[in-house]
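Worksheet: one structure, shown below.
The values are calculated or read from the model by the stated rules, or taken from the named source; none is laboratory data. Predicted model only: the values in this text are computed from it and were never measured. All Cβ positions, glycine included, derive from the backbone under ideal geometry; neighbour counts span all protein chains shown.
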Amino acid sequence: MYSAKTMDHFSNPRNVGIMEDPTVLVKVGDPDCGDALLLFLKIEEDRVRDIKYKIFGCGAAIATSSIASELAMGKTLEEVLQITEQDIANALDGLPAEKMHCSNLAAGAFRAAINEYRKVRAS
């Protein structure tokens, strides 16, 4: 049902934790399944310098958050905004159709965090 890569990220999630003094912090959730993602980003010179997260959800939500954190690390904000739900699923060598919504959580969190960061900087 799940790829070996998905199982690895579920069993050994990367970048989990709480960041002291993040540049931006957002919480997003999926009310249909109850998953919630707390995302911390450290942004310097419009680039993601560090990323941490806390995920409350199923194994697929854990794996997608983990791989998404790796995809975003070191990227410019514009590059992070280009990370799609399908990119996240593809990086895990696919997800079952009924778990694709889990990849939406991380991609949506990136968009929300960057939008919040830009809004605060503009004011």
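Only one of the listed residues (V120, V80) is over 14 Å from L39 (Cβ atoms) and assigned to a helix (DSSP H, G or I). That residue is V120. When L41, L37 are checked against the criterion of being farther than 18 Å from H9 by Cβ, in a strand (DSSP E or B) and either touching a residue at least 60 places away in the same chain (Cβ under 8 Å) or of a type in the set (F, W, Y) (or both), a single residue qualifies: L41.
Looking only at segment 45-69, count how many residues are of a type outside the set (A, V, I, L, M) and over 16 Å from I18 (Cα atoms).
The number of residues fulfilling the criteria is 7.
Select from segment 63-87 the residues that are among the charged types (D, E, K, R) and more than 12 Å from D46 (Cα to Cα) and write down the one among them that is surrounded by the most Cβ atoms within 10 Å (Cβ to Cβ). Out of the qualifying residues, it is E85.
The number of residues in segment 83-114 being among the charged types (D, E, K, R), over 15 Å from H9 (Cα atoms) and not in a helix (DSSP H, G or I) comes to 0. Against the condition in contact with a Leu (Cβ under 8 Å, 6 or more places away or on another chain), of a type in the set (D, E, K, R), buried (at least 21 other Cβ atoms within 10 Å of the Cβ) and at negative phi, how does D35 come out, does it pass? Against the criterion (in contact with a Leu (Cβ under 8 Å, 6 or more places away or on another chain), of a type in the set (D, E, K, R), buried (at least 21 other Cβ atoms within 10 Å of the Cβ) and at negative phi), D35 qualifies. Against the list (1) surrounded by fewer than 17 Cβ atoms within 10 Å (Cβ to Cβ); (2) modelled with pLDDT of 95 or more; (3) out of contact with any Asp or Glu (no Cβ under 6 Å at 6 or more places or on another chain), the condition P22 fails is (1). Criterion applied to S65, S103, S11, S69 was being of a type in the set (S, T, Y) and over 14 Å from the mean Cα position of the chain (by Cα), and the one residue passing it is S11.
So, in segment 88-103, how many residues would count as being surrounded by fewer than 18 Cβ atoms within 10 Å (Cβ to Cβ) and within 20 Å of V26 (Cβ to Cβ)?
Of the residues in that region, 1 qualify.
How many of the residues making up segment 1-30 are among the aliphatic types (A, V, I, L, M) and outside any strand (DSSP E or B)? Of the residues in that region, 5 qualify. Beta carbons closer than 7 Å, at least 6 apart along the sequence or on distinct chains, pair a first residue in segment 67-86 that is over 11 Å from A106 (Cα atoms) with a second that is part of a loop (DSSP other than H, G, I, E, B) and not aliphatic (A, V, I, L, M) for E70/R14; T76/D46; L77/D46.
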